[in-house]
Amino acid sequence: MVVVKLINLTKVFGKEVAVDNVNLEIEHGCFFTLLGPSGSGKSTTLRMIAGLEEPTKGEVMFDGKPVTHLPPYKRGVGMVFQNYALWPFMTVFDNVAFGLKIRKLPKEEIKKRVREALRLVQLEGMEKKYPHQLSGGQQQRVALARALVVNPKILLLDEPLSNLDAKLRIEMRREIRKLQKSLGITTIYVTHDQEEALAISDRIAVMNHGKVIATGTPYDVYVNCPDEFILSFVGHTNFIEGKVKRVLKDGRVLVETPLGDLTLMNAEGMPKKTYLLGFRPEYAKLTKKRTRPNAREAKVVVKEFLGKFTRYEVKVDGQTIVVDLMAKDDPGYAEGDGVYVDVDEDHVMVIRG
Amino acid sequence: MRLRRNSIIPPIFPLNKLISHILIPISLMTIFSIFIVYPILVIIAGVFMVDGKFTLRNLLIITYDPMLSMIIINTLIMGGLVTLITLILAVPYAYILNRYDIPFKSFFLLITLLPFISPPYVGGLGYINMLGRHGVISLSLLKLRIIDKPLDIMYAVTPLFNPMTGARIAEIHWGLILICALTYFPLMALTFSAALQNVDESLEEEAYILGSKPLTTFFKITLKSAMPGLISGIILVFISFVDEIGIPLIVGYRNVMAVAAYEAIEESSFYYTPKGYVLSLLMTAIGLLILFLGRKYVSLSRYVSVVKGAARYRKIVKIRGIKRIIVMLFMISMSILLSIGAIGIIIAAFAERWYLTPLPTKVGLKNFEVVFEEYSTLFRNSAIYSVTAMIIGMIMSALISYIMVRMRLSYSGILDYILTLPLVVPGVVIGIGTWAIWRGTPLDPFVNPITIIALVIAFRKLPYAFRGIYASTLQIPPEFEEAALTLGASRVRTFFKIMLPALAPALVAGGLLAFIAGITELSSTLVLSATKSAGSLTVGIFLALTDIRHGPPVGSAIAMIIIITCLVVSYLANLFAKKTIGGLRLF
């Protein structure tokens, strides 16, 4: 069942098109993430779903009914903001109880539901504290409880973890995911952190310059998406140019690149002479000896030890190539060493001609 | 993204948008304009329209009335001198207070605030008590036979002549300049001090590292960075002098614009004279011209950025040896100069018998008794005026700040302009214009002065409440309201349940500042009603001085009551200001 549907959604601020003709369908119970760099229009899209911005054009539908011109207080969504937006002059209890008081529920029920919501986010007994007496993680939980206590149809999260430190961020994203699954609440999550998006989502929509570039599962987006922007924004991708030398008997093609001749699957209709190829840093090795014909020698320019693996940046033909070597595959090169990049042919993507 | 966040509470239906974006702002500004803009228009019309016809005849009186042109030149020259003196004194004073490690800092700061929270001509009264012909210092020196004639510095006048014709074209009244410079000193010192605190320290450090000497660094980096604050201080001091009516009346010098306009209008209740209108028009023109030139610096938003940004950690420079002695000598002599007025007030307020002796021969509380018996109506009036100023200041500031900060109004620049007017248009002008508008109506200042005075004071003192409340509104994240909206609260409920509580400390602090500004107001009240039945406590000082039975001692007692009230209220205001979001500081 489709819960949220965006049809040709567009927002223009002055001359700048912030959101450009976005079409999305979000299924019931889905953890959906809008992923994009800052200024890509993801927050504006979320705010239009919440009713905090009015679309210049297009429709927002909840359960098949248009809500485009409904004010936020009539939409029944819950929202968590990047800065949590906890009201500093109210206790934790009053913050969480606000939505229930607006709904004029009986006092006893308000008490019960606030307690329940705080238990859900593991903040029992914090009712009387003020926001400034809480840690960042605790404030985040209060914001979550406040959004959830009114039983919203849809939960909207606008970069909720960006103010937390790295470790807490991972802990909280697991908790949010667990909570979402146990409540079965349709959730739309905005983030610029691709790792977070991959880890937390059922589906991801990648946005850039106000447009949705691709939608799919995290796996689809990371592995099966030969789009230049996504490849470089979600993780890192090396781009190289390849010239087709000839078509082999088995139908594969031999392509000449600065990293040597590669035998690639013949993507349908590869009639052109040159192509843009891409591969992820983890799909290559560095060798002392030339393993591929016509490979040009590369020079190690940067070496970064990152714990699980070492990231090498090598210069070949005036171009920088990033290669991640797991500790077991790393012979330990030094900056300035001459090496050859041995790329795994199975993981070279043909991006465009 | 960030920028846009600070925008608006959408979506807004066409009808609601009409109400929230047009009707409410326009009606707020209309109410404000009735008391601030309309009087100015009436003055302009009064000069250029005679018997329903446009004429320049009235303006020509400047050319054939040498007295009038002298009054104008006097005001400009003395205004310039006063500004220059405060500038020379306040810049080092504020710098020392901010940057040097010296003892008794909070004492020096308190002394600086003293004239600031006193009614405008309280200082004058105190200085006359001390430095006047029959003041404490003059009589002491006479008694000690150090001088053989009474001290004349408060009344010394230097005439300026036209070198071609030999005609007297202007006068410089040194007593007036001295008292005004000391009275406005805090205005300059505090504005500059706030600006100094906003100067990025790393800029200075960078200059030192690059080999710049301290004095060069001060002029090239510090002073340049603090320039907006300095210019806004210059503007405020100059405008204050143009508007000054109390101090010239006290020293008995009438050849300045505000006094001349006031006296002309007092006469014109019996016969028509365009002099008051022409002077008012010129004062307005000076104010508007300065507002236009210094627009960048006196705009309310700029004012705000000067006011906020306080409690930042600063490196304090340690000074030793001869330098320390010089600095301390300067600070001590400045604080003596600044407190002479207050001391004069205190001595006179308790003096029961004081006739041509250095100090009173009998002290007691008789003056206060006289105040409570004969001037009791003034307490009621001042309470009405100040409380009205406080309430209107709080309500209008909250609404206008909200509109200016939260709505994308195409005309918010104009709103800012109009709201700055009370800072630059002299109170005498507003008073005269208001007087002309309401004559013959149910709110005629002759018949029912209290209502109209209360409203005029409230709207004239609005900027004092507004600046802090506006700054605080800017600091409140829009997400506070957005969160409430998504939780089901309507826009109106969100304003009352979220915005007002978040603003509460700033509202109280701003309201109290408007209260102080209201209680110390003089010029427009004096024009509208210089009587015991409708006058404020400040007018009371003037009345006591002109009453042969009372004179300076009773006037001083009233002044002391005002100062103490203001001290208490400003202490409270600061308490609340500390609680505002973003920790706004008032002075």
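The values are calculated or read from the model by the stated rules, or taken from the named source; none is laboratory data. This is a predicted model, so every value here is computed, not measured. With ideal geometry, Cβ positions are generated from the backbone for all residues, glycine too; neighbour counts draw on all protein chains shown.
Yes or no: residue B:585 at pLDDT 85 or above, part of a loop (DSSP other than H, G, I, E, B), surrounded by fewer than 21 Cβ atoms within 10 Å (Cβ to Cβ) and out of contact with any His (no Cβ under 6 Å at 6 or more places or on another chain)?
So residue B:585 fails the test.
Within region A:69-92, is even one residue farther than 21 Å from residue A:145 by Cα, within 13 Å of another protein chain (Cβ to nearest Cβ) and either surrounded by fewer than 16 Cβ atoms within 10 Å (Cβ to Cβ) or of a type in the set (Val, Ile, Thr) (or both)? Checked against the condition, which is being farther than 21 Å from residue A:145 by Cα, within 13 Å of another protein chain (Cβ to nearest Cβ) and either surrounded by fewer than 16 Cβ atoms within 10 Å (Cβ to Cβ) or of a type in the set (Val, Ile, Thr) (or both), region A:69-92 yields at least one hit. Of A:330, A:324, all but one fail to be in contact with a helix residue (DSSP H, G or I) (Cβ under 7 Å, 6 or more places away or on another chain) and of a type in the set (Asp, Glu); the exception is A:324. Taking the listed residues A:64, A:36, the one that is more than 13 Å from chain B (Cβ to nearest Cβ) and in contact (Cβ under 8 Å) with a residue 60 or more places away in the chain is A:64, with no other qualifying. Within region B:365-395, the set of residues being within 30 Å of residue B:469 (Cα to Cα) and touching a helix residue (DSSP H, G or I) at 6+ places or on another chain (Cβ under 6 Å) comprises B:378, B:382, B:384, B:385, B:386, B:388, B:389, B:390, B:392, B:393, B:394. When we screen A:101, A:42, A:107 for residues that are in contact with a Leu (Cβ under 8 Å, 6 or more places away or on another chain), among the charged types (D, E, K, R), within 30 Å of residue B:476 (Cβ to Cβ) and more than 8 Å from chain B (Cβ to nearest Cβ), the only hit is A:42. With respect to being away from every other protein chain (no Cβ under 14 Å), part of a helix (DSSP H, G or I), under 26 Å from residue B:572 (Cα atoms) and in contact with a helix residue (DSSP H, G or I) (Cβ under 8 Å, 6 or more places away or on another chain), residue B:539 fits the description. Taking region B:319-345 as the range and being surrounded by 18 or more Cβ atoms within 10 Å (Cβ to Cβ) and aliphatic (A, V, I, L, M) as the test, the residues that pass are B:331, B:334, B:338, B:340, B:342, B:345. Of the residues B:434, B:486, B:441, the single one that is out of contact with any Asp or Glu (no Cβ under 6 Å at 6 or more places or on another chain), without any contact (Cβ under 8 Å) to a residue 24 or more places away in the chain and more than 14 Å from chain A (Cβ to nearest Cβ) is B:441.
Within region B:457-483, the set of residues being more than 10 Å from chain A (Cβ to nearest Cβ) and under 21 Å from residue A:52 (Cβ atoms) comprises B:473, B:474, B:475. Tell me yes or no: at least one residue of region B:123-133 is small (Gly, Ala, Ser), buried (at least 18 other Cβ atoms within 10 Å of the Cβ) and free of Cβ contacts under 8 Å to residues at least 24 places away in the same chain. Within region B:123-133 (the criterion being small (Gly, Ala, Ser), buried (at least 18 other Cβ atoms within 10 Å of the Cβ) and free of Cβ contacts under 8 Å to residues at least 24 places away in the same chain), the answer is yes, since at least one residue qualifies. Can you confirm whether residue A:291 is over 24 Å from residue A:222 (Cα atoms) and among the polar types (S, T, N, Q)? Yes: the conditions hold for residue A:291. Checking the condition surrounded by fewer than 23 Cβ atoms within 10 Å (Cβ to Cβ) and either of a type in the set (A, V, I, L, M) or in contact with a strand residue (DSSP E or B) (Cβ under 7 Å, 6 or more places away or on another chain) (or both), which residue from B:456, B:387, B:428, B:424 passes? Every option except B:387 fails the conditions. Flag: residue A:255 does not match the condition of being of a type in the set (A, V, I, L, M) and surrounded by fewer than 16 Cβ atoms within 10 Å (Cβ to Cβ).
The residues in region B:27-68 that are among the aromatic types (Phe, Trp, Tyr) and within 30 Å of residue B:399 (Cβ to Cβ) can be counted, and the count is 3.
Of everything in region A:318-353 that is part of a loop (DSSP other than H, G, I, E, B) and within 28 Å of residue A:224 (Cα to Cα), the residue that is modelled with the lowest pLDDT is A:353. Every listed requirement among (1) within 11 Å of another protein chain (Cβ to nearest Cβ); (2) surrounded by fewer than 24 Cβ atoms within 10 Å (Cβ to Cβ); (3) touching a residue at least 24 places away in the same chain (Cβ under 8 Å) is met by residue A:57 save one, (1). Filtered by the rule that a residue be at pLDDT below 90 and more than 23 Å from residue B:318 (Cβ to Cβ), region B:83-108 gives no residues.
Taking region B:504-525, which residues are touching a residue at least 12 places away in the same chain (Cβ under 8 Å) and facing another protein chain (nearest Cβ under 10 Å)? Don't jump to the end; show me each part of the working.
Taking region B:504-525 and keeping what is touching a residue at least 12 places away in the same chain (Cβ under 8 Å), we get B:505-525.
Listed by number, the list holds a single entry, B:505.
For region A:82-123, a residue qualifies if it is polar (S, T, N, Q) and within 33 Å of the chain's Cα centre (by Cα), and the qualifying residues are A:82, A:83, A:95, A:122. Among the residues of region A:1-23, those identified as closer than 21 Å to residue A:78 by Cβ and surrounded by fewer than 17 Cβ atoms within 10 Å (Cβ to Cβ) are A:1, A:2.
Looking at A:93, A:89, A:81, which is the one that is of a type in the set (A, V, I, L, M, F, W, C) and over 16 Å from residue A:132 (Cβ atoms)? Matching residue, one of A:93, A:89, A:81: A:81. Pairs linking a residue in region B:549-575 that is over 15 Å from residue B:374 (Cβ atoms) to a residue that is of a type in the set (Phe, Trp, Tyr), with Cβ atoms under 8 Å and 6 or more positions apart or on different chains, are B:569/B:515; B:574/B:587.
Of all the listed residues (B:104, B:32), the sole one being out of contact with any Lys or Arg (no Cβ under 7 Å at 6 or more places or on another chain) and either within 30 Å of residue B:222 (Cβ to Cβ) or surrounded by fewer than 18 Cβ atoms within 10 Å (Cβ to Cβ) (or both) is B:104. For region A:110-159, the set of residues classified as on the phi > 0 side of the Ramachandran plot and within 12 Å of chain B (Cβ to nearest Cβ) consists of A:151, A:159, listed by residue number.
Could you check residue A:155 against (1) surrounded by fewer than 18 Cβ atoms within 10 Å (Cβ to Cβ); (2) touching a Gly at 6+ places or on another chain (Cβ under 6 Å) and say which number it fails? Answer for residue A:155: the failing condition is (1).
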